[in-house]
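What follows draws every value from the coordinates through simple rules; no lab data is involved. Note that this is a predicted model, so its numbers are computed, not measured. Reconstructed Cβ throughout: ideal geometry from the backbone, glycine too, with neighbour counts over all protein chains shown.
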């Protein structure tokens, strides 16, 4: 089986590339970063430089592939609206059209639990995509929501979706930099008491789900499935577990919520007025919600449809972080 992986130079895509090669699949990686592509080529991967927003580039890049695993996305707490929607919505449509033109038998679409951002989080979210009235306001969540709606409008036998929450693991480029921002000389900072429950996903558990989605039965197709460790952690416990790996003794430092709320909105408003938005504010309204609110997932659908279980524990995943 020949498999193409978009976003192959990112944390998720790279991990998938290695696992698929180990499993004996023929794999081609698609990405935009020339230096990272070169590094992957040096590890004997077949790589193609391609922008998924360019259908003319993407179509030949997935030629002769049986399956496309679509990981490429623009994910950030702050950024240009046009870029979010070009990459996450138009890019997803292009992946689907390129697959059709090459008679690809299955597309594994990677979404995000950020689609639940506007919903009430008092209980675990099911696999169902929220109603339109709950479409997220943040550009990232909104673009992933729109991408899900597009997938749901397509024939069910041609795709399957995975919706992970806060993936972290070896080579992490997303969670770890943001944790480090909150660590001082001898303390780690939480906004409020840090007791909001956060579902997280070990990278290897997510890759397990991807591999099972490739071979999933037809009865499982045409739907998105929540993926997480199924063991929600408080933000405080995440910070404590990580700092326990570091030399020294770290104590919690609580920052008051409302001043941080005002700071997040003011700095984001100022940054939005700068042409090109050259930097990401240290704290954004989106980031504030992620660090203080609760969001948990019901993963029973993935367990049943994919015969999947999260094997690696939260603690084992944290040990992989540098």
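Assorted remarks:
- For the chain: relative contact order, % (alpha-carbon pairs under 8 angstrom, 6 or more apart): 18 percent
- Spin-label pair residue 257/residue 315, simplified geometry with 7 Å Cα→Cβ offset, distance in nm: 3.0 nm
- Neighbour-count order for 128, 322, fewest beta carbons within 10 angstrom listed first: 322, 128
- 261, 78 arranged by Cβ crowding within 10 Å, fewest neighbours leading: 261, 78
- Bridges between two residues of segment 179-322, per DSSP, are antiparallel at a rate of about 35%.
- Annotation for residue 21 and residue 54: the two label points, set 7 Å from Cα along the Cα-Cβ direction, are 2.5 nm apart.
- Look at 176, 262, 20 and count the other Cβ atoms within 10 Å of each Cβ; fewest to most, that gives 262, 176, 20.
- Of all DSSP beta bridges in the chain, antiparallel share, percent nearest 5: 10 percent
- Inter-label distance for residue 241 and residue 174, nm, one decimal - labels placed 7 Å from Cα along Cα-to-Cβ: 1.6 nm
- Centroid-to-centroid separation of segment 167-225 and segment 96-112 [C-alpha atoms, Å]: 24 Å
- Efficiency of FRET between residue 270 and residue 44 - r from beta-carbon atoms, R0 41 angstrom, step 0.05: 0.30
- Folded to 0 to 90 degrees: helix 257-272 orientation relative to the chain principal axis, Cα: 50 degrees
- Degrees separating the helix 91-101 axis from the principal Cα axis of the chain, which is the longest one: 10 degrees
- Relative to the longest principal axis of the Cα atoms of the chain, the long axis of helix 11-22 lies at roughly 40 degrees.
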